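The values are calculated or read from the model by the stated rules, or taken from the named source; none is laboratory data. Keep in mind that this is a model prediction, so the values were computed, not measured. All Cβ positions, glycine included, derive from the backbone under ideal geometry; neighbour counts span all protein chains shown.
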Amino acid sequence: MKDPAPEIAADETRAMEPRLAIDAAALERYLTAKLPGYRGPLAIRQFTGGQSNPTYLLTTPTARYVLRRKPPGELLPSAHAVDREFRVMTALGKVGLPVPRTLLLCEDAAVIGTMFYLMEFAAGRHFWDPTLPGLAPTERAALYDGMNAALAELHRADPAALGLGDFGRPGNYFARQIARWSKQYKSSETAPIAAMERLIAWLPEHVPPGEETAIVHGDYRIDNLIFHPIEPRVLAILDWELSTLGHPLADIAYNCMAWRFPPALFRGIGGLDLAALGIPSEAEYLAAYCRRTGRAAVPHWPFYMGYSMFRIAAILQGVYARALAGNAADARGLEMGAKVAPIAEIAWEEAKRAGA
């Protein structure tokens with residue numbers, strides 16, 4: 001299991017936060033008993049990214065692993081489903097789709113305090129900044145195309161053939177998701193936001209016709225991908241917490257939100273000189289996805305974009321509420337509250353384009 005991985009950047013991991021610390025001795029006893037070939041001693045550091053499920057780098061003299069766990073504390077219903085992450089990655093990995101190789105799932109909270117799973121460390125390149133600083137324009141273009149190709153490949157997969165036919169409820173995906181995120185938003189609301197209230201009322205009444213069902217990732221963006229060390233190819237799609245069976249256009253619209261958001265708002269490339277950077281336009285990126293998935297076009301695009309922005313605003317509101325309660329996986333969760341209203345306003349502008 002040795003890997004020739006590039007060194008992890010110094011700011012990618014940190015010492016474990018006391019509230020999220022893992023008892024290394026207890027974990028090592030468990031891995032020695034349950035993980036074939038495991039050999040200690042074990043060192044643990046916490047990844048800096050992620051606002052939901054705490055994620056850790058485990059290092060031994062011969063291997064690196066990644067551990068994801070439920071956070072401690074009181075949680076929203078159905079949230080932080082690490083067992084669902086484990087299931088979908090295991091199924092996709094068996095047919096060669098780009099996911100980390102899963103190793104074990106521990107549902108016994110007594111081991112480290114919450115349920116967790118272990119996967120191999122995916123050795124490759126990770127980019128937090130969607131402008132991909134330091135790369136040539138041709139490299140950026142190739143990486144964006146690789147991101148596009150991996151999503152299209154996921155959406156072409158047959159859930160039933162992978163044993164995932166019951167991974168979500170087929171049909172009425174947008175109606176169910178709008179209801180879910182409206183409820184989640186209201187349960188974590190800290191101050192009234194007029195645009196969110198307008199969206200909660202408008203979205204359910206304007207769901208486009210047509211049903212499709214695919215495996216959707218739910219949080220598909222460039223910082224949730226590991227690319228090959230030298231090729232513009234996605235090796236691993238990370239963070240499957242929000243995955244389910246759903247409408248594939250929800251995933252591609254979510255992926256395309258970056259084109260609408262300025263860099264300071266939420267990992268965006270909006271307003272930048274994309275041609276100079278070598279990054280495709282939103283229209284070019286969407287057209288490439290359509291070619292790969294056999295679509296002529298995407299009608300009702302403003303609805304899908306507005307829905308996706310509403311959804312991320314609801315998610316960030318939940319992150320902010322957890323941070324206020326002391327349950328966020330990352331200390332930067334408190335910063336998320338300031339992003340909710342601006343994102344909701346942009347989402348409402350999309351709704352108006354769709355006829356609101």
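Going residue by residue through the range 302-310, is there one that turns out to be surrounded by fewer than 22 Cβ atoms within 10 Å (Cβ to Cβ) and not assigned by TED's automatic domain parsing to the domain that holds R69? Within the range 302-310, one or more residues are surrounded by fewer than 22 Cβ atoms within 10 Å (Cβ to Cβ) and not assigned by TED's automatic domain parsing to the domain that holds R69. Of the residues contained in the range 250-267, one or more are found to be out of contact with any Gly (no Cβ under 6 Å at 6 or more places or on another chain), touching a residue at least 40 places away in the same chain (Cβ under 8 Å), over 23 Å from N172 (Cα atoms) and part of a loop (DSSP other than H, G, I, E, B). Out of R311, R322, one residue alone is assigned to a helix (DSSP H, G or I) and within 17 Å of the chain's Cα centre (by Cα). It is R311. Among the residues of the range 41-55, is there at least one that is at pLDDT 90 or above, under 18 Å from the mean Cα position of the chain (by Cα) and closer than 17 Å to E107 by Cα? Yes, there is a match, as at least one residue in the range 41-55 is at pLDDT 90 or above, under 18 Å from the mean Cα position of the chain (by Cα) and closer than 17 Å to E107 by Cα. Working only within the range 146-166, note down all residues that are farther than 26 Å from P232 by Cα and of a type in the set (D, E, K, R). D166 - this is the single residue of the range 146-166 that is farther than 26 Å from P232 by Cα and of a type in the set (D, E, K, R).
Residues of the range 132-163 that are hydroxyl-bearing (S, T, Y) and surrounded by fewer than 21 Cβ atoms within 10 Å (Cβ to Cβ): T138 alone. Answer yes or no: is there a residue in the range 73-96 that is of a type outside the set (G, A, S), modelled with pLDDT of 95 or more, part of a loop (DSSP other than H, G, I, E, B) and over 30 Å from S188 (Cα atoms). Checking the range 73-96: at least one residue is of a type outside the set (G, A, S), modelled with pLDDT of 95 or more, part of a loop (DSSP other than H, G, I, E, B) and over 30 Å from S188 (Cα atoms).
Among the residues of the range 216-241, the ones that are touching a residue at least 40 places away in the same chain (Cβ under 8 Å) and either polar (S, T, N, Q) or closer than 15 Å to M309 by Cβ (or both) come to 2 in all.
For (1) closer than 27 Å to P159 by Cβ; (2) in contact with a Lys or Arg (Cβ under 8 Å, 6 or more places away or on another chain); (3) at pLDDT 95 or above; (4) among the aliphatic types (A, V, I, L, M), each residue gets a yes or a no:
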{"site": "D273", "(1), (2), (3), (4)": "no, no, yes, no"}
{"site": "I315", "(1), (2), (3), (4)": "yes, no, no, yes"}
{"site": "A321", "(1), (2), (3), (4)": "no, no, no, yes"}
{"site": "R332", "(1), (2), (3), (4)": "no, no, no, no"}
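Taking the options P130, P159, name whichever one is in contact (Cβ under 8 Å) with a residue 40 or more places away in the chain, within 28 Å of G306 (Cα to Cα), assigned by TED's automatic domain parsing to the domain that holds P204 and of a type outside the set (A, V, I, L, M, F, W, C). Give the derivation first.
Details: P130 fails: assigned by TED's automatic domain parsing to the domain that holds P204.
That would be P159, the only listed residue that is in contact (Cβ under 8 Å) with a residue 40 or more places away in the chain, within 28 Å of G306 (Cα to Cα), assigned by TED's automatic domain parsing to the domain that holds P204 and of a type outside the set (A, V, I, L, M, F, W, C).
Could you tell me which residue of the range 211-250 is surrounded by the most Cβ atoms within 10 Å (Cβ to Cβ), considering only residues that are among the charged types (D, E, K, R) and more than 16 Å from R267 (Cβ to Cβ)?
Pass one, the range 211-250, residues among the charged types (D, E, K, R): 211-212, 219, 221, 223, 231, 233, 239, 241.
Still in the list and also more than 16 Å from R267 (Cβ to Cβ): 211-212, 231, 233, 241.
Numbers: E211: 10, E212: 13, E231: 13, R233: 17, E241: 20.
This residue is E241.
When the residues of the range 290-301 are filtered to those that are in contact (Cβ under 8 Å) with a residue 12 or more places away in the chain and under 25 Å from R176 (Cα atoms), which remaining residue is surrounded by the most Cβ atoms within 10 Å (Cβ to Cβ)? Here the residue is W301. So, in the range 101-157, of the ones that are part of a strand (DSSP E or B) and under 19 Å from the mean Cα position of the chain (by Cα), which residue ends up nearest to L265 (Cα to Cα)? Across the range 101-157, the extreme among qualifying residues is R125. Inside the range 181-200, residues that are surrounded by 14 or more Cβ atoms within 10 Å (Cβ to Cβ), in contact (Cβ under 8 Å) with a residue 60 or more places away in the chain and not hydrophobic (A, V, I, L, M, F, W, C) make up a count of 6. Within 23 Å of the chain's Cα centre (by Cα) and at positive phi: does that describe G163? So G163 passes the test.
Just one of the listed residues (L324, L286) is touching a residue at least 60 places away in the same chain (Cβ under 8 Å) and over 23 Å from W128 (Cβ atoms), and it is L324.
Does I215 fit the bill of being closer than 20 Å to T90 by Cα, of a type in the set (V, I, T) and not in a helix (DSSP H, G or I)? Give the steps one after another, and end with the answer.
On the way: closer than 20 Å to T90 by Cα: yes; of a type in the set (V, I, T): yes; not in a helix (DSSP H, G or I): yes.
Criteria met by I215.
Within the range 96-116, no residue that is in the same structural domain as S243 (by TED's automatic domain parsing) sits with its Cβ atom under 8 Å from a residue that is crowded, with 20+ Cβ neighbours inside 10 Å and of a type outside the set (D, E) at 6+ positions apart or across chains.
Each row is one residue, and each column tells you yes or no for (1) farther than 28 Å from A321 by Cβ; (2) outside the structural domain of A321 (by TED's automatic domain parsing); (3) out of contact with any helix residue (DSSP H, G or I) (no Cβ under 7 Å at 6 or more places or on another chain); (4) small (G, A, S).
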residue: E205; (1), (2), (3), (4): no, no, yes, no
residue: P229; (1), (2), (3), (4): yes, no, yes, no
residue: E241; (1), (2), (3), (4): no, no, no, no
residue: Y254; (1), (2), (3), (4): no, no, no, no
